[in-house]
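Here's the structure we're looking at; comments come further down.
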Amino acid sequence: MTTRLVVVGAGIAGLYAALLASEDRGTHVTVLSKGRLEQSNTYYAQGGIAAVLGGGEAAPGDTVGAHAADTVAAGAGLSDPEAVRVLCAEAAAGIAGLRRFGVQFDAAGPAPALGLEAAHSAPRILHAGGDATGAGISAALSAEVLRRARAGLLTLRTGAFLEAVELASGAVSGVRFRHDGKEHRLRAEAVLLATGGAGQLFEHTTNPSVATADGLGAAWRAGAVVRDLEFFQFHPTALAVPGNLLISEAVRGEGAVLRDGTGRRFMPDVHPLAELAPRDVVARGIAQHRAAGRDGADGEVYLDATVVEAGQGAGFLARRFPTLHRLTAGLGFDWTSQWLPVAPAAHYWMGGVATDLNGRTSVPGLYAAGEAAATGVHGANRLASNSLLEGLVFGARAVRDLQAGAGPAPVFAALPLEPARGERSGFDRMELRRLMSDAAAVLRDGDRLAVAAKQLDMWQARGSATGEDANLLQAGRLLVASARRREESVGAHFRTDFQHRNHTGPVAWINPGAAS
Ligand code: FAD
Ligand code: SIN
């Protein structure tokens, strides 16, 4: 008996899962990717991948328990403790798996070089090529996938856009996708959605153009429960010029500081960990500072990495962050002598398709892993460098679950989302991105969310959005509905009209009109 598995997505979650699955002769794997193999969030990852390794490869005194505690603390207490335990405990095995497929991490002598990032209590970030970790991982995994595809061990289709997960009697029966301008169908017993995030929902994002919530859209239409969608992480330090180049948190880990227009460091007033506070705290600190234009300053915020160069010696920034050194120079900045203007940009969606610890969604045969999934590990705010790790650990678990003979689909409590009502209005993606940036970014309030909900309903009622646009629109509706429902501030979800905690339970939705 052969099990047919379709893996949708060629980031870390999809490529790694596909490689593992293809090692079992009883599984036939097809990988679909809408873009080229390097068109993924994974490819752009800079800082690295968090893991506490054994065998003398961890920082002195660091433990898997400390990694788990940092993950829960950054998640503002909303992380699922068991999911976090699994994530941190299985990190070392995941790193071993990456090394087996040819990923080479930067070394300091015989041990890996370990970076520090915000809200980590110890240096434990493995990186590759200095600040080109994602490109290193993507290149190694892609090379192995291409080799196996040539050897007939798996099937790879790039330029293949997933349109729908197909069901028979309520369980997965295959996928429908577009390739070379034609519609295709592929039968499968299992589908793994590894389609990444949705940064394209917002005007300013660190994500590439492929991040359009397609997996969420397909899962929603198939009737899967989605959750935690109010929690969208904004990275604090994207370069405040067109393109929003991410300036890695690892730069702050090396000692760079944030300053306002007068040169004053303002983060020490906001949090005891200052620039290395959890990401939501730093992003909010910057957003509030920019909004207020405090202390006679112009509201601009700058990242000062000149102190790192001065402290570590000339040439350090170029050696430690070669990609950023080249890219900032290309944009006209000399960061060894000049502060960089920075602003928060949409970076990572904590929410997604609800899964259990084995990647199973509420639809039998449908799995999700990586950024497309909501495993519960990140709670209300993801700890830096835990995302690549999540794709690795839970992608592998999904494969093991499938090959062990998947059990019943989990049941998650969820509310039906009201269908769109109201006038109809033509859809425009740029307007959607502006609307979401205005109402549902770092600082939110009920009035602006209500306006956004009305406009989103009008676009949805018109029903003119298709493909990526339809997925983004649906994702926006779900995000805004979730943000309206959570009348409190926690982690990345900050309501200026509800600044206190009131311990709202998980916000999860199901599509009452889904095909079954
Ligand atoms: P992705 O890597 O985004 O891959 C998604 C794949 O799905 C792509 O191949 C895409 O083409 C495909 N796809 C999407 N829709 C469809 C469709 N309809 N049909 C077919 N294919 C489809 N995290 C860390 O842990 N450490 C870091 O240092 C780090 N740095 C980052 C820096 C940047 C600039 C960015 C943007 C993110 C960073 N992150 C980092 C986050 C992390 O990179 C991502 O969350 C993670 O790589 C997601 O992996 P994934 O496999 O789930 O999805
Ligand atoms: C970064 O390098 O700052 C990004 C790390 C992450 O998103 O985990």
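The values are calculated or read from the model by the stated rules, or taken from the named source; none is laboratory data. As the structure is a prediction and not an experimental result, all values here were calculated from the model. So basically every Cβ, Gly included, is an ideal-geometry build from the backbone, and we count neighbours across all protein chains shown.
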request  = Could you please let me know if ARG484 is touching a Leu at 6+ places or on another chain (Cβ under 6 Å), closer than 23 Å to ALA76 by Cα and surrounded by fewer than 22 Cβ atoms within 10 Å (Cβ to Cβ)?
outcome  = yes
inquiry  = Pairs needed: first member in the range 67-96, within 12 Å of ALA51 (Cβ to Cβ); second member anywhere, modelled with pLDDT of 95 or more and of a type in the set (Asp, Glu); C-beta distance under 8 Å; at least 6 residues apart or different chains.
reply    = LEU87/GLU390
inquiry  = Within the range 262-285, does at least one residue satisfy the condition of being over 25 Å from the mean Cα position of the chain (by Cα), away from ligand 2 (no atom under 16 Å from the Cβ) and crowded, with 18+ Cβ neighbours inside 10 Å?
reply    = yes
query = So which residues in the range 145-183 are of a type in the set (Gly, Ala, Ser), in contact with a strand residue (DSSP E or B) (Cβ under 6 Å, 6 or more places away or on another chain) and assigned to a strand (DSSP E or B), if there are any at all?
reply = ALA160, ALA164, SER173, GLY174
key: Residues of the range 37-61 satisfying the condition of being small (Gly, Ala, Ser) and farther than 19 Å from VAL145 by Cβ   = GLY47, GLY48, ALA50, ALA51, GLY54, GLY55, GLY56, ALA58, ALA59, GLY61
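Table: residues versus (1) among the acidic types (Asp, Glu); (2) not in a helix (DSSP H, G or I).
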| residue | (1), (2) |
| --- | --- |
| LEU87 | no, no |
| ALA93 | no, no |
| ALA96 | no, no |
| ARG99 | no, no |
| GLU117 | yes, yes |
| GLY129 | no, yes |
| GLY136 | no, no |
| ALA139 | no, no |
| SER142 | no, no |
ask   = Right, ASP228: more than 14 Å from ligand 1 (Cβ to nearest atom) and over 27 Å from the mean Cα position of the chain (by Cα) or not?
value = no
task = State whether one or more residues within the range 273-296 are part of a helix (DSSP H, G or I), at pLDDT 95 or above, of a type in the set (A, V, I, L, M, F, W, C) and touching a Phe, Trp or Tyr at 6+ places or on another chain (Cβ under 8 Å).
result = yes
note = Scanning the range 149-194 for residues that are within 18 Å of GLY9 (Cβ to Cβ) and small (Gly, Ala, Ser), the one surrounded by the most Cβ atoms within 10 Å (Cβ to Cβ) turns out to be ALA194
query = Looking at this structure, is ALA305 under 22 Å from LEU114 (Cβ atoms), within 16 Å of ligand 2 (Cβ to nearest atom), crowded, with 21+ Cβ neighbours inside 10 Å and over 25 Å from the mean Cα position of the chain (by Cα)?
reply = yes
inquiry  = Take SER385 and tell me if it is within 16 Å of ligand 2 (Cβ to nearest atom), among the hydroxyl-bearing types (Ser, Thr, Tyr) and closer than 27 Å to MET436 by Cβ.
reply    = yes
request  = Please tell me if ASP356 is outside any strand (DSSP E or B) and without any contact (Cβ under 8 Å) to a residue 40 or more places away in the chain.
outcome  = no
ask   = If you check THR306, THR262, THR237, which single one turns out to be over 30 Å from PRO512 (Cβ atoms) and in contact with a Leu (Cβ under 6 Å, 6 or more places away or on another chain)?
value = THR237
ask   = What about ALA59, is it in a loop (DSSP other than H, G, I, E, B), of a type outside the set (Ser, Thr, Tyr) and either at pLDDT 95 or above or under 20 Å from THR133 (Cα atoms) (or both)?
value = yes
Residue count, the range 219-255 (criterion: farther than 22 Å from TYR43 by Cβ and of a type in the set (A, V, I, L, M, F, W, C)) = 9
request  = Specify the residue that is nearest to ligand 1 (Cβ to nearest atom); the eligible residues are those in the range 372-418 that are assigned to a loop (DSSP other than H, G, I, E, B), within 18 Å of the chain's Cα centre (by Cα) and more than 21 Å from LEU216 (Cβ to Cβ).
outcome  = SER385
ask   = Under the condition of being among the β-branched types (Val, Ile, Thr) and not in a helix (DSSP H, G or I), which residue from the range 240-259 is nearest to ligand 1 (Cβ to nearest atom)?
value = ILE247
remark   = Checked the range 114-125 for anything more than 22 Å from ARG326 (Cβ to Cβ) and among the hydrophobic types (A, V, I, L, M, F, W, C); matches are LEU114, LEU116, ALA118, ALA119, ALA122
inquiry  = Please go through the range 213-223 and give me each residue that is touching a helix residue (DSSP H, G or I) at 6+ places or on another chain (Cβ under 9 Å) and either within 16 Å of ligand 2 (Cβ to nearest atom) or farther than 16 Å from VAL480 by Cα (or both), ordered by number.
reply    = ASP214, GLY215, ALA218, ALA219, ARG221
task = Looking only at the range 338-371, count how many residues are within 16 Å of ligand 2 (Cβ to nearest atom) and among the aliphatic types (A, V, I, L, M).
result = 6
inquiry  = With basic (Lys, Arg), away from ligand 1 (no atom under 16 Å from the Cβ), at pLDDT 95 or above and within 22 Å of the chain's Cα centre (by Cα) as the only criterion, which of ARG85, ARG4 stands out?
reply    = ARG85
Subset of the range 106-142 [polar (S, T, N, Q) and crowded, with 23+ Cβ neighbours inside 10 Å] = THR133, SER138
request  = Could you grab the pairs with beta carbons closer than 6 Å, sequence gap of 6+ or different chains, first residue in the range 434-445 and over 24 Å from HIS500 (Cβ atoms) and touching a residue at least 12 places away in the same chain (Cβ under 8 Å), second one surrounded by 17 or more Cβ atoms within 10 Å (Cβ to Cβ) and not hydroxyl-bearing (Ser, Thr, Tyr)?
outcome  = ARG434/GLU203; LEU435/ALA452; LEU435/GLN455; MET436/LEU201; MET436/PHE202; MET436/GLY476; SER437/PHE202; SER437/GLU203
